[in-house]
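The values are calculated or read from the model by the stated rules, or taken from the named source; none is laboratory data. Not measured: the values here are computed from a predicted model. FYI the Cβ positions are ideal-geometry reconstructions off the backbone, even for glycines, and counts take in every protein chain you see. The area values use the complete protein model at the heavy-atom level, side chains included, leaving out ligands, DNA and RNA. Shrake-Rupley method; radii C 1.70, N 1.55, O 1.52, S 1.80 Å.
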Amino acid sequence: MKQTIHQHVRASAAGMPLEVIVRENIHERVCDALGTYLGEMNVENLKRISAVKQPTEVISKILQYQLEQSLIKNKLESAASVLKGLQDRMELLKSDGGVISSSQVASLLGLSRQAIDNRRKKNKLLAVYLNGRNDYFYPVWQFGESGIKKNFEKILANLEHLDPWMQLVFWLSKNNYLQGERPLDALKDDEKMDLIIRAAKMTGEQGGQ
């Protein structure tokens, strides 16, 4: 904008009207943009555009190509983001011993699969669902030698505002309220229960860590 004002000052001194300056400025910017777009095209696309007769159609073709490339780029970035999310989830599932199926949990706790499913629905067991696998998977680290780890359900009750995947992230991530310790590791210390509960309540809330 400063350049345009300076041009206007110089043009006024030379007797050139403002509209001429604005028109020239727009023309220069359009040419720069079209030149950039042309520079990004491959030979085949350049040949197709060179065969077009009408100047307005040439510009239309160039802009259409740029729009298509932009859409393709956005789709690729979106696909890459989805893939990264899936990879992150798989890493979470493999962490600290991995996960087991509903039937394996039922066998471990000596309960029926229906009982296990009821506990999951009541937020007394943590499980995540994988599309296409037709089953819930339970992180093994929530179980101890005599069943569910001590105080695990108590903490889980304070995570009801989060979906299962975010609950999984909570347990396996370093937490500021625990001085960088993971809630899963802090669970071993009864004296840290109040801190873990506070961290659980704050996670996902505005200002949570």
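A simple spin-label model places the labels of ASP163 and SER107 3.1 nm from each other, with each point 7 Å out along Cα-to-Cβ. Solvent-accessible surface of segment 128-209, averaged per residue with a 1.4 angstrom probe and all protein chains in place: 57 square angstrom. Spin-label model, LEU38 to ILE59: label points 7 Å out along the Cα-to-beta-carbon direction sit 1.4 nm apart. In this simple spin-label approximation, LYS154 and LYS124 carry label points 7 Å from Cα along the Cα→Cβ vector, and these lie 1.7 nm apart.
The string of couplings for segment 143-149 from the Karplus curve (6.51, -1.76, 1.60, θ = phi - 60°) is 10, x, 5, 10, x, 5, 4 Hz, one whole number per residue in order, with x for Gly and Pro.
What does the charge dipole of segment 93-209 about its Cα centre add up to, to the nearest 20 debye, if the Cβ of each Lys and Arg holds +1 and the Cβ of each Asp and Glu holds -1? Working shown, then result.
Values: 17 positive and 14 negative charges, 58 e Å.
Its charge dipole is roughly 280 debye.
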